[in-house]
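Here's the structure we're looking at; comments come further down.
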Amino acid sequence: MNSFKVFIVEDDPFYGEMLKYHISLNPDYVVEKFQTGKDFLNNLHRKPSVVSLDYSLPDMSGLEVLKKITAFNPDIPVIIVSGQEDVSTAVSLLKEGAYDYFVKNDETKDRIWNSLRKIREKIDLEKEIDSLKEEIGRKYIYGNIIKGNSPGIKRIFNLIEKAIQANITVSITGETGTGKDLVAKAIHYNSPKANLPFVAINVSAIPKELIESEMFGHEKGAFTGAVTRKIGKFEEAGKGTIFLDEIGEMDHYMQVKLLRVLQEKELNRVGGNDMVKVNARVIVATNRNLADEVKKGNFRQDLYYRLLGLNIDLPPLRDRGNDILLLAKYFMDEFSKENDMPKRSLSQAAQEKLMSYDFPGNVRELKAMMELAVVMANKDVIEDVDISLNAAVRSANFLMDEEDTLQGYTRKIIKHYLEKNDNNIIEVAKKLDIGKSTIYRMIKNREL
Amino acid sequence: MNSKDKKLYSLDYLIETIGNDPEAIKVMVEVFLEYTPLDLAALNKALNEKDFKQVAAYGHKMKSSVAALRVDEIGLMLKIIDNPEKTEALKNNLPDIIQRINEVLTVVFEQLNRDFSS
């Protein structure tokens, strides 16, 4: 942990020494004192955590020293400790960026003590925020959170990389549980906006009457209950990212409002007249097919095109082949680690059970399923009986959705096996006991 | 009781501020005895040269230390001469004021030297 360095700039040796002793009563503080402005400025590069500055110095005024500190680093808090009781001097120093101003009297010691404590708490809090931001950054390195080797997921990595590099609106689509929110966070926390706010709003979770105020804020008295001004999520996001989840659930009135904000790049708080600039990057997500919703008249076409931007369509888990086993193993290991449990492995039967399941709840369902399996297993190896499926297995239903010809069924079976086996034609031919040339021919004829 | 017998300073505020650490108190007294006579001499020089700006500068500089050692008899005097406008306005009274400051501080120096002689 870095020490908390307090530099005292005081021309009166007695008063300076007294302050030094007083502040040093806190063993966490490292205190140094300087009698002239010049001597102090020569040591400014050593980055004090805080400066206690006398206003009247023999070689320069406190104001001159304060300006030089601010020019060097405006984040260094400066407490002016002065014999000057002139209010205008205090005001001008505070305007120049002084953190606080104390007149030398009997209460000075207590005021300095409190002020240092507050500054220390603020610095500690800022450090904590920085470290949390770093942690979030590490957490959302997309390779760490979106696992998989399937061609489908590799394509997603490629799109995420493009979204990180360009400040473009991104629409994320995919079934429930495919990890749309994780992709949004991965884009933000790996982009140049990583240190700016990421503000998420779930459109479907907010009552219709509140959503406008929630998104755009409101002025005091805008409606019953608006007792103070409140800034909305767009303003909160600043120059960062706003993530509008479940955008497909937005009603027509809000669609119009949102479209105007996106076009004009400014907004009005509810009940307000002032225009507020909008600088946030927009990422939206939905599990609906927005193009279909446009056709049905449920979603405005102009808003659809404005929001579409770079589309990242997350594949359902059932189409990700061996990613199912890779993710299952990952979730088992993570859960075991978090709960101090021994690592488990999957029996062949358990693997087959997972591979033949549809996963209507996608990755979210797999995660819950594997955590339960770890808890239920009596041995280090998870058996198929330890895995509880929530829906019928795919092998029982994926072929029978609708009537088809024999050729159609054959095509479906081969396509299904190719998806499950990362398009490994040799492997699929072996498993289905057919010639690989059959598969090549079907691909060539665009039957697959 | 004359002024030489009456203690003209008090360590109460100093102890309250830096703690009851005899070593630290001794260091503080030494600092006071080392630097305050120099400031007093500079104050006297400024008065002789009628340099009211410097009178105010040294008055201002000394008042905090003097207040910290609770030399109350001259605390207010230093406070009223701590800016050039006031010293200019009080120029006829300055010799008396500064003489009294000299007298009191001389006694304080003697008392401190005596009390911290070991």
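Each reported figure results from applying straightforward, stated rules to the coordinates on display, with no laboratory input. Fair warning: this is a prediction, and the values are worked out from it, not measured in the lab. Quick reminder, even Gly has a Cβ in these numbers, built from the backbone with ideal geometry, and neighbours come from all protein chains shown.
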Quiz item: Taking a threshold of 23 Å on the Cα-Cα distance, which of the pairs A:Lys296/A:Lys415; A:Lys127/A:Lys277; A:Lys20/B:Lys63 fall above it?
Solution: A:Lys296/A:Lys415; A:Lys127/A:Lys277
Self-check item: Residues whose placed amide H lies under 5 Å from that of A:Ser345, excluding near-sequence neighbours
Solution: A:Val381, A:Ile382
Quiz item: To the nearest Å, what is the center-to-center distance of the stretch A:86-146 and the stretch A:285-319, using C-alpha atoms only?
Solution: 45 Å
Quiz item: Is there a simple number for the mean count of other chain Cβ atoms within 10 Å of the Cβ of residues in A:76-87, and what is it?
Solution: 2
Quiz item: So what is the calculated 222 nm ellipticity per residue for chain B, using -39500 (n - 2.57) for each DSSP H run with n of 4 or more, over all residues, to the nearest 500 deg cm²/dmol?
Solution: -24500 deg cm²/dmol
Exercise. Just flag the trypsin sites (Lys or Arg not before Pro) in the stretch B:10-118 sitting in loop per DSSP whose Cβ has no more than 13 other Cβ atoms within 10 Å.
Key: B:Lys50, B:Lys91
Practice problem: Pull up the DSSP beta bridges for the protein assembly as shown and report the antiparallel fraction as a percent, rounded to 5. | Solution: 15 percent
Exercise. Quick one: dipole size for the protein assembly as shown, taken about the Cα centre, charges +1 on Lys/Arg Cβ and -1 on Asp/Glu Cβ, in debye to the nearest 20.
Key: 2160 debye
Quiz item: Under the definition of partner shielding as Cβ atoms of other protein chains within 10 Å of a residue Cβ, what is the mean value for peptide B:64-77?
Solution: 3
Self-check item: Integer Hz, Karplus 6.51/-1.76/1.60 couplings in order for the stretch A:21-30, x for Gly and Pro
Solution: 4, 4, 5, 5, 4, 8, x, 7, 9, 9
Quiz item: Taking the Cα atoms only, what angle lies between the long axis of helix A:151-165 and the longest principal axis of chain A, rounded to 10 degrees?
Solution: 30 degrees
Quiz item: For the stretch A:64-127, what mean projected area does the convex hull of the alpha carbons give, in nm²?
Solution: 4.6 nm²
Quiz item: When only Cα pairs under 8 Å and 6 or more residues apart are kept, what is the percent relative contact order across chain A?
Solution: 11 percent
Exercise. Quick one: dipole size for chain B, taken about the Cα centre, charges +1 on Lys/Arg Cβ and -1 on Asp/Glu Cβ, in debye to the nearest 20.
Key: 320 debye
Practice problem: In whole angstrom, note down how far apart the Cα centers of the stretch A:220-236 and the stretch A:336-368 are. | Solution: 46 Å
Quiz item: Which ³J(HN,Hα) values, rounded to whole Hz and listed in residue order, are derived for the stretch A:337-346 from phi using the Karplus coefficients 6.51, -1.76 and 1.60 in 6.51 cos²θ - 1.76 cosθ + 1.60 with θ = phi - 60°, glycine and proline given as x?
Solution: 5, 4, 10, 6, 10, x, 5, 10, 10, 9
Self-check item: Å³ per residue enclosed by the Cα convex hull of the protein assembly as shown
Solution: 252 Å³
Practice problem: Go through the stretch B:73-81 residue by residue and turn each phi into a ³J(HN,Hα) via Karplus (6.51, -1.76, 1.60, θ = phi - 60°); whole Hz please, and just put x for glycine and proline. | Solution: 4, 10, x, 5, 4, 5, 5, 7, 10
Practice problem: Just subtract the alpha-carbon distance of A:Thr410 and A:Phe157 from 0.36 nm times their residue separation and send over the number in nm, one decimal. | Solution: 87.9 nm
Quiz prompt | Selection from B:Phe32, A:Ile145, A:Asn445 lying farthest towards where the dipole of the protein assembly as shown points positive, charges on Cβ | solution = A:Asn445
